[in-house]
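Shown next, in structure tokens, is the structure this report addresses.
A short reminder: the numbers here are calculations on the coordinates, not readings from a lab. Because the structure is predicted, anything quoted here is derived from the model rather than measured. We place every Cβ from the backbone using ideal geometry, glycine too, and count neighbours over all the protein chains shown.
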Amino acid sequence: MYKVIERKQIVPNIHLLVVETEHIHKNAHAGEFVVVRADEKGERIPLNLVDWDERSVSMVFMEVGTSTSKLAALKPGDEIATLAGPLGKPTEKSEGKKIVCIGGCYGIGALNPVLRMFKANKNHVTTIIEARSDFLLYWRERLKEHSDELYEITRDGTRGVRGHINDFLVEHLKKSKVDLVYVQGCTYLTYLASETTRPFGIKTIVGLNPIMVDATGMCGVCRVTINGETKFGCVDGPEFDGHQVDWDNLLSRRKIYIREEVYSLSFYECERYG
């Protein structure tokens, strides 16, 4: 069992979970994830590592169903049944590049260690966070610490630039030299950003969120098609080249494992929740 140090709602439906552990930080890298289970009867859920130190790891998650509701009800001092990690492949390091990092929903939190790593390697980092409205944006100051530029997009225009990520991104890419685009967030956001950068020929890395069970490559539930080949999100990812992802296949596989209404939420959660 692993003790909860902190659990709080950052913005509606988005929660921070900090869990006590003395071991995960020793091998943790940007882009990796952990698997958590709220109780002995709960399902295993992969969550991005958003921070870590010698006594704990931090995760950000969206409350959308039974298992995440259990996590959202935790209080300091409570315990969770499972905390396994770090898992997955770290974000590929770059040096001296101009990188655009995009985050939405829980993906805003997931940007934190990646931005920190990119800046430590002397890259010029432009960060773009987007949501439906101002009250769904968070961690502005934290992300600014590791960014050369920070832009905010809200679809209702309550903060920053009004509109969608694709409109802003197109204009930014037209006037700025960019070597790499990195995206964290729901399937809709990663898909939209990938299709927006495709005509520009700019490498785009996306953090995918396929359904996982064991997260060790044995069950095959998280398989995705990348450049015509079968890969596993847990051991080959969770980050892949967005221009090589078979998005139709990814979405259809998610539909198999999730109820129709939850599947729809997964694809359009950016529209509904930010």
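Data for the structure
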quantity	calculated
Inter-site label distance for residue 174 and residue 53 at 7 Å from Cα along Cβ, in nm	4.5
Cβ-defined net charge surrounding residue 238, 12 Å radius [Lys, Arg +1; Asp, Glu -1]	-1
158, 66 arranged by Cβ crowding within 10 Å, fewest neighbours leading	66, 158
FRET efficiency, 1/(1 + (r/R0)^6) with R0 41 Å, evaluated for residue 122 and residue 218 via beta carbons	0.60
For region 2-87, Kirkwood radius (reciprocal of mean inverse C-alpha pair distance, Å)	12.6
Residue 180 long-range amide H proximity, modeled H, under 5 Å	98, 100
Set 26/97; 8/203; 26/177 screened for pairs whose C-alpha atoms are more than 32 Å apart	8/203; 26/177
Candidate lysines for bridging to residue 41, where Cα separation is under 19 Å - those fewer than 8 sequence places away on the same chain excluded	3, 70, 75
Vicinal HN-Hα couplings computed from phi for region 50-59 (Karplus, 6.51 cos²θ - 1.76 cosθ + 1.60; Hz; Gly/Pro x)	10, 5, 6, 8, 6, 10, 7, 10, 10, 9
Rg/Rh ratio calculated on Cα atoms of the chain (Kirkwood radius)	0.94
